[in-house]
1. Work out how much length residue 257 to residue 310 would gain on full extension: take 0.36 nm times their residue separation and subtract the Cα-Cα distance, in nm to one decimal.
2. Taking Cα pairs under 8 Å and at least six residues apart, what relative contact order does the stretch 188-282 come out at, in percent?
3. What value in Å³ per residue do you get for the convex hull of the alpha-carbon atoms in the stretch 110-198?
4. Would you mind checking 221/337; 105/130; 190/212 for any pair whose Cα atoms are more than 22 angstrom apart?
5. Tell me, what HN-Hα J-couplings in whole Hz come from the Karplus equation 6.51 cos²θ - 1.76 cosθ + 1.60 at θ = phi - 60° for each residue of the stretch 143-156, using x for Gly and Pro?
6. Could you give me the ³J(HN,Hα) list for the stretch 100-112, computed from phi with Karplus coefficients 6.51, -1.76, 1.60 and θ = phi - 60°, whole Hz, x at Gly and Pro?
7. Would you list, by chain and number, the lysines whose Cα falls below 17 Å from the Cα of residue 259, excluding same-chain residues fewer than 8 positions away?
8. Rounded, prolate or oblate: which fits the stretch 53-185 when a ≥ b ≥ c are the square roots of the eigenvalues of the alpha-carbon gyration tensor, with rounded for a/c under 1.5 and prolate only if a/b beats b/c?
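Computed from the coordinates by the stated procedures, all read-outs in this text should not be read as laboratory data. The model shown is predicted, which means the values in this text are computed figures rather than measured ones.
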Amino acid sequence: MVTGTTSPSTRYERISVSPASCSIRSEYVIASHAFKPQYKCINYTPAWEQRKLGDVTDSFSGGTPDGSHASYYGGSIPFIRSAEINSDKTELFLTEKGLDNSSAKIVERGTVLYALYGATSGEVGIAAIKGAINQAILALSPHTGNDPLFLASWLRREKARIVDTYLQGGQGNLSGSIVKELSFALPQQKEQQVIGSFFSHLDNLITLHQRKYDKLVVFKKSMLEKMFPKDGESVPEIRFAGFTDPWEQRKFSDVAMIKRGLTYSPTDIVDGAGGIRVLRSSNINEDQFVLNNDDVFVNEGAVTIDLVHDGDILITAANGSPRLVGKRARISDLPGKTVQGGFMLVASSPCSDFLCASMGSSWYRRFLATGVAGGNGAIGNLDSKALGETTIAVPNDAEKDKIGCFFTRLDSLITLHQRKLELLQNIKKSLLDKMFV
């Protein structure tokens, strides 16, 4: 959240994610102030100087020991490759003999690591461990008076520009000579340290929320496997206390009403919100229960099917990519009159929460593997009759409610962490643009 006061010439702001040592000031400067960022740390007023990266760092790349010599590998020296520059673990370890008989070089913790080529070109890391690097990594050690965290943050900000300039179409490699010639604006040491520390704190916060989100996603996947019966079984591995009855085998069509979506023509579409909103597959993110703002409205006369209601489950019935067929979402908090287009509707019922959770378990994946026609470039189509005939395991109503409520709350928690993560990532992107020249 941003708060503050505004005067005709200067506006002062405080960003809540900043560490205590760095309050952020936003300045709208005239063109002659070429080397001042839009956001600047309070109490740091000198203009930034234009320098080349090679002028303020020492750099070197590494190498790879010959893989045909088994004695070069399996030692105690971590061997850092370009995909591991942000990790505190390595897959491979070198022996002293392997290090001595190759161009691999040792980097200390805190060294800036820059991926020169391969799938990770342009990625930046700060070495979390002491280890050897291979030839796809450039190590950058700032001269005294320059901050590695600041340099790493600037390189991350410039990744897209550097890759677009030197790796057009994904071809070619970056090199140490290219990186050393990169020109950038550099503030005094104290301001570098404050900015570098700020982005380090922000990166740690992003990593924390990413880990929480990942753990919740893994936890949900595990619970979906354990809270629904496996093939040939009548009870799940994990149950809520007080439930012991076996689950019944039912046809999907016995527990849900299946309907096809609306077919409409371009002439039925109306501008703005003057008609009835149509939900399409593009309105729903894959594997997520959220709506996007990609609205289409049709006139009321074109609507020949029932409206969508909160609790309905929508399934993508057809798509140019068979992989996306079967994508589903449980609808909630619907704004205004809405119908589904290009979807199959599973009408809401008292057990819609349970049913939606059930469709995250193994039986639904098995159905999609056999119940979707398409392939070889053909449009994928979901067989509604086959879905209706599919047998699923169903508990009594009380257990349905417990399971449905559990997964609905878990989905809400996952969404919450995802939104926090996206917010922090957007804040970082914005501040990288505004806190550097």
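1. In short, 17.6 nm is gained.
2. Values: 20 pairs, mean separation 9.9, N = 95.
That works out to 10 percent.
3. Numbers: hull volume 9.0 nm³, N = 89.
Dividing the Cα hull volume of the stretch 110-198 by its residues yields 102 Å³.
4. Violating the 22 Å Cα-Cα cut-off are 221/337; 190/212.
5. My calculation for the stretch 143-156 gives 5, 3, x, 10, 9, x, 5, 5, 4, 5, 5, 5, 5, 5 Hz in order.
6. 3J(HN,Hα) across the stretch 100-112, in whole Hz: 5, 9, 8, 8, 4, 10, 7, 10, 8, 4, x, 6, 6.
7. 251, 327, 385
8. Values: a/c = 2.10, a/b = 1.54, b/c = 1.36.
Since a/c reaches 1.5 and a/b is larger than b/c, the shape of the stretch 53-185 is classed as prolate.
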